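Working notes for the structure below.
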Amino acid sequence: MPHFSSTPVTDPLPRFGDRRRIRIGLLGGSFNPAHAGHALIARHFRQKLRLHQVWLMVSPGNPLKSGEDMAPLAARLASARAIADGRHIIATTIESRLGTRYTADTLARLRTLFPCARFVWLMGADNLTGFPRWRDWRGIAADWPFAVHPRPGYTARALSGQAASVLRRYRRPEREAPLLADLPPPAWMMLRLPQSPLSATQIRAGFNHTLTGLPSTARAESGPAESR
């Protein structure tokens, strides 16, 4: 199986212009901090969608989030690397390196840099609820397949919300999950993945922060991916 290699001391990006046909899931977030729940979701996305890799894209700053209580990017990347294996699950600050802030811009750059890769955007049901607030969300949906994982308290609202309603005819059944990366967009689906009631917000609130800005026990906690 082809893969992009990584090392523990450099941001694990393939060489720009890589032309291998590889299926990559993009799970973006603040990862403030990353925790076992993110790793669990990433693994299940990879298995269900038959992806070669999932990238944990640690955002330099979320346009829809306040910067309060945000740990430094290096600390958040370190927490993401702690739950990644560097081969199939890869933590990266590619948005910071590309100088992009919005998902639409990041995806456009990735398409140029890796023309043969098959990218799938991965998000939680809370993100689907807020999708219409994203810059050029309709363009993202038109150009990129995406998969959604359930989150407690959000799933029903997401499926009855504006984005799901607008894109309803493009929703694919879960049995087609292994094909999603190669389906022509618009194409999206809700996957049945494990859920956890915990979140990074709760982890930050429930534990003392270390000097790096991250809870010392964060690696042992689990919870769903943060909103983007």
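Some notes on this structure:
- Restricting region 71-87 to residues that are of a type in the set (D, E, K, R) and out of contact with any Leu (no Cβ under 9 Å at 6 or more places or on another chain), the residue that is farthest from residue 40 (Cα to Cα): 87
- The requirement of being aliphatic (A, V, I, L, M), surrounded by fewer than 20 Cβ atoms within 10 Å (Cβ to Cβ), farther than 24 Å from residue 44 by Cα and free of Cβ contacts under 8 Å to residues at least 24 places away in the same chain is satisfied by residue 98.
- Of all the residues in region 157-173, those that are under 13 Å from residue 190 (Cβ atoms), surrounded by 11 or more Cβ atoms within 10 Å (Cβ to Cβ) and not aromatic (Phe, Trp, Tyr) number 9.
- All conditions but one from (1) surrounded by 15 or more Cβ atoms within 10 Å (Cβ to Cβ); (2) modelled with pLDDT under 95; (3) in a helix (DSSP H, G or I) apply to residue 131; the one that does not is (2).
- Within region 120-141, being within 19 Å of residue 177 (Cβ to Cβ) and under 14 Å from the mean Cα position of the chain (by Cα) holds for 120, 121, 122, 123, 124, 125, 127, 128.
- Just so you know, in region 50-68 the residues that are under 18 Å from residue 176 (Cα atoms) and surrounded by fewer than 24 Cβ atoms within 10 Å (Cβ to Cβ) include one that is modelled with the highest pLDDT, and it is 50.
- Boolean, residue 144 is among the aromatic types (Phe, Trp, Tyr) and more than 14 Å from the chain's Cα centre (by Cα): no
The values are calculated or read from the model by the stated rules, or taken from the named source; none is laboratory data. Just so you know, these numbers come straight off a predicted model, no measurement behind them. Here the Cβ is made from the backbone with ideal geometry for all residues, glycine too, and neighbour counts use every protein chain on show.
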